[in-house]
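J.: Okay, handing you the structure first.
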Amino acid sequence: MKFHRLLPSSSLLMLMLALSACSPQESPKAAPAAAPAKQAASVEVAAAQGKGFTVGALMSANTAYVFFDPQCPHCGHLWNASLPLQKKVKFVWIPVGWINATSTAQGAALLTAANPAELMTEHETSLLAGKGGISASSSIAPDIEKAIKGNTQLLNSFGAESVPFILARNVKTGQTVTRDGSMSTTALAELLGVEAP
């Protein structure tokens with residue numbers, strides 16, 4: 001019996017990578033974004049300009065910035081993968097509004113939550129179960145809506161093409177690292193330069 005490969009290995013790899021991230025082009029409802037000036041992805045710029053919520057080892061010098069769209073299931077998978085690392089790394093989750101209007105409303109709810117980590121877990125559990133995530137009011141305070149638009153523009157300025165988009169400094173090498181797409185806990189630990197649990 002003869003077997004044929006359906007896809008060349010490079011095509012299969014590209015397909016797998018495409019399936020691990022969401023892009024604004026995936027949704028016909030996504031508004032076209034104005035082309036911002038491109039800049040190198042910088043931990044310092046993300047820290048200064050990104051508006052997110054912090055979870056994990058709050059006193060840690062190891063900070064990972066994660067740009068995410070609340071409607072992106074790959075972001076939900078990355079949230080779950082990051083949970084075992086939250087004793088070692090401080091994560092700043094920065095919501096963007098790429099996929100649809102619900103993205104911005106849910107991002108606003110997460111930014112203003114009394115316990116964003118708890119609400120994020122509830123949201124991602126619902127989203128990954130195919131239930132759309134948490135309910136969120138479409139009436140958003142102007143400063144919060146402006147923050148999410150600013151986050152989206154910042155992500156676009158880094159030249160990111162999909163979410164989740166991770167920006168950090170590898171603990172072992174000191175090098176700035178970026179990665180888009182979901183990954184396992186082990187792969188995330190390796191990217192950040194920490195030991196996997």
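The values are calculated or read from the model by the stated rules, or taken from the named source; none is laboratory data. Bear in mind the structure is a predicted one, so any value in this text is a computation, not a measurement. Note that each Cβ is placed from the backbone with ideal geometry, even for glycine, and that neighbours are counted across all protein chains shown.
J.: Show me the helices (runs of 4 or more DSSP H) entirely contained within region 109-197 in which 3 or more residues are within 18 Å of VAL89 (Cβ to Cβ), of a type in the set (A, V, I, L, M) and in contact (Cβ under 8 Å) with a residue 60 or more places away in the chain.
T.: Values: elements: 116-128, 142-157, 185-192.
It comes to 185-192.
J.: Please go through region 67-77 and pick out each residue that is surrounded by 23 or more Cβ atoms within 10 Å (Cβ to Cβ) and under 10 Å from the mean Cα position of the chain (by Cα).
T.: Here is the first cut: in region 67-77, the residues surrounded by 23 or more Cβ atoms within 10 Å (Cβ to Cβ) are 67-72, 75-76.
Once the filter is applied, which keeps residues that are surrounded by 23 or more Cβ atoms within 10 Å (Cβ to Cβ) and under 10 Å from the mean Cα position of the chain (by Cα), region 67-77 yields PHE67, PHE68, ASP69, PRO70, CYS72, CYS75, GLY76.
J.: Of the conditions (1) surrounded by fewer than 24 Cβ atoms within 10 Å (Cβ to Cβ); (2) in contact with a Phe, Trp or Tyr (Cβ under 9 Å, 6 or more places away or on another chain); (3) not in a helix (DSSP H, G or I), ALA64 fails just one. Which one is it?
T.: Here ALA64 meets the rest and fails (1).
J.: Also, I was wondering about something else. Examine region 128-137 for a residue that is under 28 Å from SER42 (Cβ atoms) and either surrounded by 23 or more Cβ atoms within 10 Å (Cβ to Cβ) or modelled with pLDDT of 95 or more (or both), and state whether such a residue exists.
T.: Step one: list which residues in region 128-137 are under 28 Å from SER42 (Cβ atoms), which gives none.
Scanning region 128-137, I find no residue that is under 28 Å from SER42 (Cβ atoms) and either surrounded by 23 or more Cβ atoms within 10 Å (Cβ to Cβ) or modelled with pLDDT of 95 or more (or both), so the answer is no.
J.: Across region 86-101, which residue is farthest from GLY193 (Cα to Cα) among those that are touching a strand residue (DSSP E or B) at 6+ places or on another chain (Cβ under 7 Å) and of a type in the set (A, V, I, L, M, F, W, C)? Reasoning before the result, please.
T.: Of the residues in region 86-101, the ones touching a strand residue (DSSP E or B) at 6+ places or on another chain (Cβ under 7 Å) are 86, 89-96, 98-99.
So of that shortlist, the ones also of a type in the set (A, V, I, L, M, F, W, C) come out as 89, 91-94, 96, 98-99.
Numbers: VAL89: 10, PHE91: 14, VAL92: 17, TRP93: 19, ILE94: 21, VAL96: 26, TRP98: 29, ILE99: 31 Å.
Out of the qualifying residues, it is ILE99.
J.: Given the structure, is SER184 more than 16 Å from the chain's Cα centre (by Cα), farther than 19 Å from GLY52 by Cβ, among the small types (Gly, Ala, Ser) and exposed (fewer than 14 other Cβ atoms within 10 Å of the Cβ)? Spell out how you get there, then give the answer.
T.: On the way: more than 16 Å from the chain's Cα centre (by Cα): no; farther than 19 Å from GLY52 by Cβ: yes; among the small types (Gly, Ala, Ser): yes; exposed (fewer than 14 other Cβ atoms within 10 Å of the Cβ): yes.
So SER184 fails the test.
J.: Counting only residues that are under 13 Å from GLU124 (Cα atoms) and surrounded by fewer than 19 Cβ atoms within 10 Å (Cβ to Cβ), how many does region 78-92 have? Quick ask: steps written out before the conclusion?
T.: At the first step, the residues of region 78-92 found to be under 13 Å from GLU124 (Cα atoms) are 78-83.
Keeping just the survivors that are surrounded by fewer than 19 Cβ atoms within 10 Å (Cβ to Cβ) gives 80-81, 83.
Count: 3.
J.: Across region 77-108, what is the total count of residues that are closer than 21 Å to SER184 by Cβ and part of a helix (DSSP H, G or I)?
T.: Matching residues across region 77-108 total 9.
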